[in-house]
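Quick notes on the structure that follows.
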Amino acid sequence: MGKLLWTPSEAQIQDSNMHRFMAGVNRKYKTNFTTYPELWQWSVDNIPEFWAEMWEFAGVIASRPFEAVIDDVSRMPGTRWFPGARLNFAENLLRYRDDRTAIVFRGEDQVRRRLTYAELYEEVARTAKSLRAMGLKPGDRVVGFMPNMPESIIAMLAATSLGAVWSSCSPDFGIKGVLDRFGQIKPRVLFTADGYFFKGKKVDSLERITEILKQIGTVEKVVVVPYTTDAPDISSVPAAVLFNDFRAAAAGDIEFAQLPFDHPLYIMYSSGTTGLPKCMVQGAGGILLQQMKEHLLHTDLRREDHIFYFTTCGWMMWNWLTCALSVGATILLYDGNPFHPGPEALWQMAEDEKMTVFGTSAGYIAALMNTGLIPGEKFDLGALRALLSTGSPLSIEGFDFVYQGVKPDIQLASISGGTDINGCFALGNPMGPVYAGELQCRGLGMKVEAFDENGRPVIGRQGELVCTAPAPSMPIYFWDDPDGKKYHGAYFDVYPGVWRHGDYIEINGHGGVTIYGRSDTTLNPGGVRIGTAEIYRQVEMLDEIEDSLVVGQDWKNDVRVILFVKMMAGYSLTEELKNKIRKTIRVNASPRHVPAKIIAVPDVPYTLNMKKVELAVKKTIQGQAVLNKDALKNPEVLDVYAGIQELQED
């Protein structure tokens with residue numbers, strides 16, 4: 001068990017949405033739950049009852065009620081949820097139409113834009129009317145190549161109000177990265193901005209869009225949102241129209257298409273580092289219910305909250321954040337580099353906007369620690385009550401930094417799930433304590449377990465993250481996968497009827513979860529399984545190291561641990577520093593974690609969604625082909641790893 005860092009007060013517990021939900025369950029089912037573990041156990045033992053309660057608690061708007069919650073709780077994949085129900089995702093996110101603030105946006109230029117719920121509804125109505133006039137119908141695809149700005153949300157809501165399927169990429173994706181995604185799903189409409197800002201520079205998007213359109217023949221309309229210039233020249237872009245000219249002059253009420261619970265809502269993408277990205281199709285009702293559960297119960301979100309997540313439109317956290325509109329909260333958007341013009345950028349926004357929930361990645365927290373900024377000393381964070389971290393495991397030092405450098409009285413919720421479910425397997429609990437290095441709990445209704453090498457659930461030991469019962473936000477199918485082979489192969493090949501997610505975890509006795517990294521990059525020296533996060537945790541403590549990557553190299557009928565390090569400016573990898581790294585890892589982890597080789601590299605490869613690409617490096621150093629380098633943000637770096645002579649030596 002890690003060090004205890006925070007415990008909610010009794011008043012905080014009693015006031016939480018989670019406690020209110022638990023009290024409702026107690027009344028209805030004559031139970032007497034007083035703790036989260038009891039509630040979680042009930043939720044996974046009684047899956048139909050739990051999700052029916054969640055539907056009611058969330059106030060899901062539906063034109064026709066469901067006939068049953070689930071057709072067969074033992075069948076996975078292929079479960080049908082809430083048959084008979086008819087609803088619309090966008091209608092549920094636009095349930096509030098008053099003058100409270102819905103969206104606040106800032107880019108690197110720091111110009112603040114604000115939209116009320118009434119204004120958001122009007123903007124969506126005008127855009128939806130124009131899409132309808134084009135003949136857009138349920139199931140058609142609408143895509144966004146957009147910065148994280150209000151028009152991205154407006155376009156998504158307008159499309160989904162008609163039953164169209166939304167998919168988006170961040171504008172920093174290269175041409176092939178976009179074609180690998182949008183080219184598969186054949187969109188009819190594409191929304192783009194003229195460009196975006198990054199590190200103070202304007203970056204053009206329209207030239208890339210022109211090239212992309214040459215290879216996607218299905219796009220009938222390109223809607224261009226002016227962002228970096230007031231009046232962009234769109235004459236070279238086929239079928240292009242400016243956003244203001246596209247929207248209807250007046251709209252009236254939105255005609256929300258009433259559709260089945262499992263009607264397609266989003267197409268999300270796997271990272272694509274082993275081939276073409278898999279296109280995961282997710283249902284409207286399942287995403288709505290899962291994300292409302294996470295917002296209302298696990299994040300304790302209310303109308304008065306101001307919630308922020310640092311994300312792009314190419315990461316699932318954008319979809320997740322957007323669903324906070326269903327609660328009536330104010331969502332805060334930022335687009336650009338989070339360290340421009342300095343590390344204060346997001347914290348100044350937190351102070352100015354009275355941010356209550358600050359969402360980011362573990363990588364951002366590690367980078368912030370290296371800058372020396374102590375946000376709690378420099379900014380008024382009085383409104384801030386929760387900080388969420390995801391993307392990769394947050395180190396114990398990262399936990400300590402949040403409580404020492406941001407705020408001592410804050411709920412730090414390290415959360416973990418996946419693009420695959422557009423939500424979380426393990427996340428925060430406003431009724432529970434925070435321990436260093438741990439995710440607070442498994443999500444309600446998510447029957448998450450750790451399987452040992454024999455496929456048996458274990459507590460207090462590391463194992464494979466599995467989900468042994470269906471959840472409503474699991475993909476309804478993969479695109480272009482008529483026999484379901486891709487879908488089955490992605491999750492169900494190892495344990496029939498059990499979702500294997502690909503993370504290596506440990507569940508402890510009080511229900512906390514520790515993530516050790518991806519199971520496909522788990523190290524296995526001498527037959528002992530080691531999660532890469534255990535090594536990163538130690539290396540991140542060292543001032544001399546800016547970034548690192550660890551892989552297992554097949555060597556002489558065994559596996560040896562190779563640690564690549566990117567040095568901080570002004571430092572070099574000396575023998576003295578290598579010994580310091582080895583000692584740090586040996587003392588704080590174990591002798592088995594100590595790398596056989598430590599090698600300096602100029603950079604570490606990342607996916608477009610900023611996740612370290614350990615598998616691609618492992619393949620590169622072993623002379624195997626990396627099939628889709630365009631899924632990487634900096635693919636040229638792999639050439640460095642291919643030519644390291646030291647890896648061919650003892």
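Would you confirm whether any residue within region 160-177 is touching a residue at least 12 places away in the same chain (Cβ under 8 Å), surrounded by fewer than 22 Cβ atoms within 10 Å (Cβ to Cβ) and over 28 Å from residue 309 (Cβ atoms)?
No, the conditions are met nowhere in region 160-177.
Among the residues of region 351-367, what is the count of those that are in a helix (DSSP H, G or I), out of contact with any Asp or Glu (no Cβ under 9 Å at 6 or more places or on another chain) and modelled with pLDDT of 95 or more?
Counting residues in region 351-367 that are in a helix (DSSP H, G or I), out of contact with any Asp or Glu (no Cβ under 9 Å at 6 or more places or on another chain) and modelled with pLDDT of 95 or more gives 1.
Any residue that is open to solvent by 20 Å² or more (accessible area, probe 1.4 Å), of a type outside the set (A, V, I, L, M) and in contact with a Gly (Cβ under 8 Å, 6 or more places away or on another chain) - is there at least one of those in region 541-551? Please lay out each step first, then the result.
Narrowing region 541-551 to residues open to solvent by 20 Å² or more (accessible area, probe 1.4 Å): 541, 543-544, 546-547.
Now drop any that are not of a type outside the set (A, V, I, L, M), which leaves 543-544, 546-547.
Those left that are additionally in contact with a Gly (Cβ under 8 Å, 6 or more places away or on another chain): none.
Looking for residues that are open to solvent by 20 Å² or more (accessible area, probe 1.4 Å), of a type outside the set (A, V, I, L, M) and in contact with a Gly (Cβ under 8 Å, 6 or more places away or on another chain), one finds none in region 541-551, hence no.
Consider residue 571 against the criteria (1) open to solvent by 40 Å² or more (accessible area, probe 1.4 Å); (2) within 26 Å of the chain's Cα centre (by Cα): it satisfies all of them except one. Which criterion is unmet?
(2)
State which residue is nearest to residue 143 (Cα to Cα) when the search covers only region 262-283 and only residues that are in contact with a helix residue (DSSP H, G or I) (Cβ under 7 Å, 6 or more places away or on another chain) and open to solvent by 10 Å² or more (accessible area, probe 1.4 Å).
Let us first name the residues in region 262-283 that are in contact with a helix residue (DSSP H, G or I) (Cβ under 7 Å, 6 or more places away or on another chain), namely 262-263, 265-269, 271-273, 276-279.
Cutting the leftovers down to open to solvent by 10 Å² or more (accessible area, probe 1.4 Å) gives us 262-263, 268-269, 271, 273, 276, 278.
Working: 262: 20, 263: 17, 268: 11, 269: 13, 271: 18, 273: 22, 276: 18, 278: 16 Å.
Ranking the candidates gives 268 first.
Does any residue in region 241-261 that is within 22 Å of residue 88 (Cβ to Cβ) come within less than 7 Å, Cβ to Cβ, of a residue that is open to solvent by 50 Å² or more (accessible area, probe 1.4 Å) and in a helix (DSSP H, G or I) six or more places away or on a different chain, and which pairs are these?
Going by the 7 Å Cβ cut-off, the qualifying pairs are 248/129; 251/122; 251/129.
Within region 131-150, work out how many residues are surrounded by fewer than 24 Cβ atoms within 10 Å (Cβ to Cβ) and either out of contact with any Pro (no Cβ under 9 Å at 6 or more places or on another chain) or assigned to a helix (DSSP H, G or I) (or both).
Residues meeting the conditions: 8.
Only one of these conditions is not met by residue 288: (1) over 27 Å from residue 364 (Cα atoms); (2) assigned to a strand (DSSP E or B); (3) not polar (S, T, N, Q). Which number is it?
Unmet for residue 288, out of (1) over 27 Å from residue 364 (Cα atoms); (2) assigned to a strand (DSSP E or B); (3) not polar (S, T, N, Q): (2).
Would you point out which residue out of 530, 507, 515 is surrounded by 23 or more Cβ atoms within 10 Å (Cβ to Cβ), more than 22 Å from residue 298 (Cβ to Cβ) and among the hydrophobic types (A, V, I, L, M, F, W, C)? Spell out how you get there, then give the answer.
Details: 507 fails: more than 22 Å from residue 298 (Cβ to Cβ); 515 fails: more than 22 Å from residue 298 (Cβ to Cβ).
Within the list 530, 507, 515, the selection yields 530.
Considering only residues of region 300-315 that are modelled with pLDDT of 95 or more and open to solvent by 10 Å² or more (accessible area, probe 1.4 Å), which is nearest to residue 392 (Cα to Cα)?
310
I'm trying to understand the selection: among the residues of region 610-623, which are touching a helix residue (DSSP H, G or I) at 6+ places or on another chain (Cβ under 8 Å) and more than 18 Å from residue 561 (Cα to Cα)?
610 - this is the single residue of region 610-623 that is touching a helix residue (DSSP H, G or I) at 6+ places or on another chain (Cβ under 8 Å) and more than 18 Å from residue 561 (Cα to Cα).
Going through region 219-240 one residue at a time, which ones are without any contact (Cβ under 8 Å) to a residue 40 or more places away in the chain and either basic (Lys, Arg) or loosely packed, with under 15 Cβ neighbours inside 10 Å (or both)?
229, 230, 231, 233, 235, 236, 238, 239
For residue 292, all conditions in the list (1) touching a Ser or Thr at 6+ places or on another chain (Cβ under 8 Å); (2) at pLDDT below 95 hold save one; what is the number of the exception?
(2)
Show me the strands (runs of 3 or more DSSP E) entirely contained within region 23-130 in which 3 or more residues are of a type outside the set (Phe, Trp, Tyr) and buried (at least 21 other Cβ atoms within 10 Å of the Cβ).
So the answer is 101-107.
The values are calculated or read from the model by the stated rules, or taken from the named source; none is laboratory data. Quick caveat: nothing in here was measured; it's all calculated off a predicted structure. No Cβ is skipped: glycine too gets one built from the backbone with ideal geometry, and neighbour counts run over all protein chains shown. For the accessible areas, the whole protein counts, side chains as well, though only heavy atoms, and no ligand, DNA or RNA atoms are used. Shrake-Rupley method; radii C 1.70, N 1.55, O 1.52, S 1.80 Å.
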